[in-house]
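The values are calculated or read from the model by the stated rules, or taken from the named source; none is laboratory data. Everything numeric here is computed off the predicted structure, so don't read it as measured data. Counting neighbours? That spans all protein chains shown, and the Cβs are built from the backbone with ideal geometry, glycine included.
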Amino acid sequence: MEQKAPLGMKRAGKMRVFSRPRFTLVVAPLLLLTILAVLPLFGPGPNIIRLLFVTFVWVTVSVAWNILGGFGGQVSFGFAVFYGLGAFTAALAINGGVNPVLSFLLAGSVALLASLLVGLPTFRLKGPYFAIATIGVSEAVRVVMTNFSLTGGASGYRIMETGAFHQLQHFYTALALAVVAVAVSILVRRSNLGLALIAIREDEEAASDLGVNPFRVKLLAHALAAALTGAAGGVYARYAAFIHPQGVFAFYIGVAILLMPIIGGVGTIWGPVIGAVVYGLVHEELIASFPQFHLLLYGSLLILIILFEPGGVVGLLDKSFRILARARGTSGSHP
Amino acid sequence: MTNCLEHNFRKRYSVSFGLLLFAVLILVLPGCGKGKTGTNEIAIGVVLPISGREAKPGQYQREGIELAIHQINQSGGILVKQLGKKLPVKEVFYDDGSDQAKSAGLVERAMSSDNVVAVLGGYSTALGEAESVMPDRYQTPWITTGSAATTIFSRGYQYIFGTLSPTDLLGYTTAEFLGSLVDHGKLKKGLKLALALENTDHGVDYGKGIDKWIQQHPGYFRVVFSEKFELGSTDFSGLLQKVKNARADIFLADAHLQDYITMHRQYIQTGTYHQMISYGARGPEADARKALGDATNYIFAGIWWSDKLPYPQVKRFVADYQGFTGHPPDSWYPATAYDAMRALATAIEQAGGLDKTAIRDQLRTVELKDSLLPGQVLRFGKNGQINTPFVIVQNKPTAKVDIVYPPEAATGEAIAPKPH
Amino acid sequence: MSAVDLLNLLVAAFLLAGVYAAMSVGMTIIYGVMKIVNLAHAGFLMLGAYFVYELYVRFGIDPLVGVALAFPVFFFIGMAVHWLLIRRIPPSDQPTLTSLLLLFGLWLVLQNLGYLIWGNADRAILTPRTLSMLGVGPISFPTVRLVVFAVAVTSLGGLEFVLHKTWFGRAVRALMQNRDAGRIVGVNVERTARVAFGVGIAFAGAAGGLLAMLFSFSPDFGGPFLLRAFVIIVLGGLESFAGVAVGALILALVETFSILVLPANYQPAIAFSLLVVALVVLPDGVAGLWNKRHRWA
């Protein structure tokens, strides 16, 4: 029987450059990025820019959470802590005259330190107990920060910046941060750290038998995730110019950060991005018209995903592709 | 084997991107090149909570604004000299669900994309604070109808206004009222106060106002207990136990409507007695009377407006409001909103055109001589906030509410001390 | 503080502990039999509160009767939820994230149902009993707290009876100890699990009704109590019913007496901090400490 040429080569005659997976990993994302970067030139209006800004922030935290929760399987409900700490750190720094970009770096660092404080005691706990402990930590921090006078306590904290407001500046900062987050995610996934995380997710004991130090790996992933989340909190804080502990440390923020990757496809690279886009755009636009339904939507989505398609949107795509390929009878499905 | 893995891998990713691109485009493109709304109406943004914790007061404030708009449009609209004709007012309404971040985002949206000339909103303090960042950013005037915290107005913002007198004046007036009871022999001198303040700027200001009066009038009262509580708690029994232990004569709390109801219910359960009780700006609300019945008797409150004020314009407003909404005005909520809209309309007319900065300039000098508010004159102070006096009302048996202070506006006698 | 005040606080703590125990026992049953951390417990607390409220406000049924009615109603609701959702979760000897997230999703759905039906405003159950006080010597406390305590303790006693004197109860305890061994000795795991889930939800609903008699409630009312339930069962050792009572007592005492040293606005943080401490320091709970001590004896 004539050996079937690998699918890639089939198209070699027409477009050789598209025959490598590298295309999808390099060209397509760059295309998307370019489109987003030049979008403001088409005059989409401040509201759309704001929407995209918020989406980029969500993409960052979603991808960040996925590093620990998706690759590593450690479900944390407590990422609002890092988001909020990042927000307040950046706010304090900017008010103190520090350059905004440095403030965001500072925000990420503070969040990173916090992640160590949280992780050291809690990573000894297994799965669900870790998740529950993070709920406790998140809420305790919220109550303490609501009473912390240095940051205004329950009055909230205001950033007073001199100079005009340039919405596009915030837009590009958030876009850059989101790109960094995705890049980090890809790098982690392809590194030994990523392999270690996946091993821990699949079977922690076996992984440690093979020489992986679960405790250290989890701490490292947690630190990366927290740093990105903290920076995102800082970026958001600068835009909103007024932050409040009941807002940035709210339990529902931690929930949202967790929901986005799960909806999109936990454990994949682009799943969290899709989930964040869905959450960011849908949440802001459509659900704003029906505020009464959003918990119902997310709860049902979560239930359906857990029961029927744990791979989220990406998983669904995979399945539909396999069905399509089988229907077309191509070599997409290996005989 | 690798081929099909590659294939699926590739397909999955390319579709993921396609999806992302599609999602972004589908939601972004319609927004591109949004045309200006026609110049045959004046768009006013209104951002208030009609769902969430603050839904009830938010709804009442919305009704006040809509009544004002209705009346303005009935007479043809606002005269815009530059265009030589009257233009009707169009309300662009958003429900912020009592959520701060949403509130700020919606105000931003109204100001940047909906072509409004001004925005009314911000109930209550927390939402108002979040929103207050936007007016200067987009150089659009903003009038808050439900936030009284002085911190909003002390930042040097140039485009913000508020139709609520500052909360520290509320605290001051409360203490002043109690002082007047002492002067009239109803209460003894040197009584002890226990304060329970909500953990917000509102509570802080209230406490400051009380302290200021006490310091200016030594010998009248002594604060023996003062603590903050978190808004929205379901259980105040710990705090109330401490209040009970403080053995004070007068209990003054500053709370929002929900917390007032919760706290007072648990207060009754502790079996404590105080000669006078107040929950700040809450007291006569119908919801509280429904939930607690006679337990709300003799509670007094300092509020920004009462439907019992003896001005003809108040009587007219109450009748109009009842006709427009089908229910009587609840506490002070609709009045500050109604007058805010009227002041805005006057400022727009005086500006002669729809330039937002010109309207802002007019707001700085506008004077509403038939205001519903105590004193009958509405004028924004230099920092944008008005400074009208408060009235003290007291709940009387069988659902009656009397204005008991200041004496010029009083409709009944203050009952002090509270009967056991 | 005088001795009378301290005594008052002590009584208040005890009364609270009773309700807390009733509130947590539902989670313990479900966790023990199925190793599922029931985050939707909060949602059922909330539904129980509204159930009793509606019965009272619409039909004038005394809340205590409402609580009694909540038991059978929520029992069937629990069994229905198990049949619909829970039985699709692969069984396991260890709590899984799958079950955690599934029940979390259910909690979100229940919360939203609450908003849709009843709106966001706080409700409260107001009966003549609510505002009356009882005095025993120098100590006084609200009547309603004593009544709620009595009902809570009675229902816990009933549960103890069921667990020790009925076949079902013994089956439950067997499954809690070792699922496979239970199967070997003839316990129908599926059916017992379903009934146990029903009982767990029944207690959640009834406890919600009891809590509604003490506190005001809104659709997200379950959250803080859920966390307290966690603290209690973790302190108590996760699988021991006596442990639940001990855990409830500890939490109630800490909460009640902490107001003496902490300002009121920090009080919510106590339960949360205690949770983290308990999870980290006492993974086997107080009962575990007790067992350890006895093992060495």
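Structural remarks
- Cβ separations smaller than 7 Å between residues 6+ apart or across chains give the following pairs from segment A:127-146 residues that are facing chain C (nearest Cβ under 8 Å) and assigned to a helix (DSSP H, G or I) to residues that are surrounded by fewer than 24 Cβ atoms within 10 Å (Cβ to Cβ) and among the small types (Gly, Ala, Ser): A:ALA140/C:ALA269; A:ALA140/C:SER273; A:VAL143/C:ALA269; A:VAL144/C:ALA269; A:THR146/A:GLY153.
- Taking the criterion of being in a helix (DSSP H, G or I), at pLDDT 80 or above and not hydrophobic (A, V, I, L, M, F, W, C), the residues of segment A:293-335 that qualify are A:TYR298, A:GLY299, A:SER300, A:GLY312, A:GLY315, A:ASP318, A:LYS319, A:SER320, A:ARG322, A:ARG326.
- Candidate set from segment C:125-144 (those that are touching a helix residue (DSSP H, G or I) at 6+ places or on another chain (Cβ under 6 Å) and at the interface with chain B (Cβ under 8 Å from one of its Cβ atoms)); member that is surrounded by the fewest Cβ atoms within 10 Å (Cβ to Cβ): C:LEU131
- In segment B:245-259, the residue that is farthest from B:GLY190 (Cα to Cα) out of those that are away from every other protein chain (no Cβ under 11 Å) and assigned to a loop (DSSP other than H, G, I, E, B) is B:ALA255.
- Pairs, first among the hydroxyl-bearing types (Ser, Thr, Tyr) in segment C:143-170, second surrounded by 13 or more Cβ atoms within 10 Å (Cβ to Cβ), C-beta under 7 Å, six or more apart: C:THR143/C:ARG129; C:THR143/C:SER132; C:THR143/C:MET133; C:THR143/C:LEU134; C:SER155/C:ALA22; C:SER155/C:ALA206
- Qualifying positions in segment C:39-71 - surrounded by fewer than 21 Cβ atoms within 10 Å (Cβ to Cβ) and within 16 Å of the chain's Cα centre (by Cα): C:ALA68, C:PHE71
- Among residues of segment B:125-157, those that are among the polar types (S, T, N, Q) and more than 13 Å from every other protein chain (Cβ to nearest Cβ), counted: 2
- B:ASP287 meets the conditions (1) touching an Asp or Glu at 6+ places or on another chain (Cβ under 9 Å); (2) within 25 Å of B:GLY203 (Cα to Cα); (3) at pLDDT 90 or above in every case but one. The failed one is (3).
- Segment A:109-126, subset surrounded by fewer than 18 Cβ atoms within 10 Å (Cβ to Cβ) and either touching a Phe, Trp or Tyr at 6+ places or on another chain (Cβ under 9 Å) or within 13 Å of chain C (Cβ to nearest Cβ) (or both), residue nearest to A:GLY86 (Cα to Cα): A:LEU117
- Considering segment A:229-252, and only residues there that are closer than 13 Å to A:MET145 by Cα and not polar (S, T, N, Q), the residue that is farthest from the other protein chains (Cβ to nearest Cβ) turns out to be A:PHE249.
- Residues (charged (D, E, K, R) and closer than 13 Å to C:THR28 by Cα) located in segment C:236-255: C:GLU239
- Answer from B:GLY179, B:GLY219, B:GLY232, B:GLY185 - the residue that is small (Gly, Ala, Ser) and closer than 22 Å to C:SER216 by Cβ: B:GLY232
- Scanning segment B:53-92 for residues that are within 12 Å of chain A (Cβ to nearest Cβ) and either assigned to a strand (DSSP E or B) or touching a helix residue (DSSP H, G or I) at 6+ places or on another chain (Cβ under 8 Å) (or both) turns up just one, B:ARG53.
- Residues that are facing chain B (nearest Cβ under 7 Å) and assigned to a helix (DSSP H, G or I) were ranked within segment A:40-50; the one that is farthest from the chain's Cα centre (by Cα) is A:PHE42.
- Test: A:VAL182 is of a type in the set (A, V, I, L, M, F, W, C), more than 11 Å from chain C (Cβ to nearest Cβ) and in contact with a Leu (Cβ under 9 Å, 6 or more places away or on another chain): no
- Meets criteria (closer than 22 Å to B:LEU127 by Cα, touching a strand residue (DSSP E or B) at 6+ places or on another chain (Cβ under 7 Å), surrounded by fewer than 24 Cβ atoms within 10 Å (Cβ to Cβ) and not charged (D, E, K, R)) for B:LEU170: no
- For C:TRP167: the one exception among (1) crowded, with 21+ Cβ neighbours inside 10 Å; (2) out of contact with any helix residue (DSSP H, G or I) (no Cβ under 9 Å at 6 or more places or on another chain): (1)
- Among residues of segment B:383-399 that are under 30 Å from B:VAL366 (Cβ atoms), none has a Cβ under 6 angstrom from a residue that is of a type in the set (Asp, Glu) and surrounded by fewer than 24 Cβ atoms within 10 Å (Cβ to Cβ) at a sequence gap of 6+ or on a separate chain.
- Residues of segment B:212-242 that turn out to be in contact (Cβ under 8 Å) with a residue 24 or more places away in the chain and within 14 Å of another protein chain (Cβ to nearest Cβ), as a count: 16
- Search result, residues across segment A:254-266 that are of a type outside the set (A, V, I, L, M) and within 13 Å of chain B (Cβ to nearest Cβ): A:GLY264, A:GLY265
- Consider segment A:160-193 and keep the residues that are of a type in the set (A, V, I, L, M) and without any contact (Cβ under 8 Å) to a residue 40 or more places away in the chain. The one that is surrounded by the fewest Cβ atoms within 10 Å (Cβ to Cβ) is A:ALA164.
For (1) assigned to a loop (DSSP other than H, G, I, E, B); (2) under 27 Å from A:GLY156 (Cα atoms); (3) of a type in the set (Ser, Thr, Tyr); (4) not assigned by TED's automatic domain parsing to the domain that holds B:GLY283, each residue gets a yes or a no:
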residue: B:GLY179; (1), (2), (3), (4): no, no, no, no
residue: B:VAL182; (1), (2), (3), (4): no, no, no, no
residue: B:LYS188; (1), (2), (3), (4): yes, no, no, no
residue: B:LEU193; (1), (2), (3), (4): no, no, no, no
residue: B:PHE225; (1), (2), (3), (4): no, yes, no, no
residue: B:SER233; (1), (2), (3), (4): yes, yes, yes, no
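- When segment B:137-155 is filtered for residues that are part of a loop (DSSP other than H, G, I, E, B) and not hydrophobic (A, V, I, L, M, F, W, C), the ones remaining, listed by number, are B:GLN139, B:THR140, B:PRO141, B:THR145, B:GLY146, B:SER147, B:SER154, B:ARG155.
- Counted residues, segment B:384-420 - those being of a type in the set (Ser, Thr, Tyr), in a loop (DSSP other than H, G, I, E, B) and buried (at least 19 other Cβ atoms within 10 Å of the Cβ): 1
- Every pair of residues 6+ apart whose Cβ atoms lie under 7 Å, when the first sits in segment B:107-123 and is surrounded by fewer than 23 Cβ atoms within 10 Å (Cβ to Cβ) while the second is small (Gly, Ala, Ser): B:SER113/A:GLY45; B:ASP114/B:ALA43; B:ASP114/B:GLY45; B:ASN115/B:ALA43
Rundown of residues vs (1) closer than 17 Å to B:ARG342 by Cβ; (2) basic (Lys, Arg); (3) at pLDDT below 90, yes/no style:
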position: B:VAL92; (1), (2), (3): no, no, no
position: B:ASP95; (1), (2), (3): no, no, yes
position: B:ALA104; (1), (2), (3): no, no, no
position: B:GLU108; (1), (2), (3): no, no, no
position: B:VAL119; (1), (2), (3): yes, no, no
position: B:GLY128; (1), (2), (3): no, no, no
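- Among residues of segment C:91-124 being away from chain A (no Cβ under 11 Å) and outside any helix (DSSP H, G or I), the one that is surrounded by the fewest Cβ atoms within 10 Å (Cβ to Cβ) is C:ASP93.
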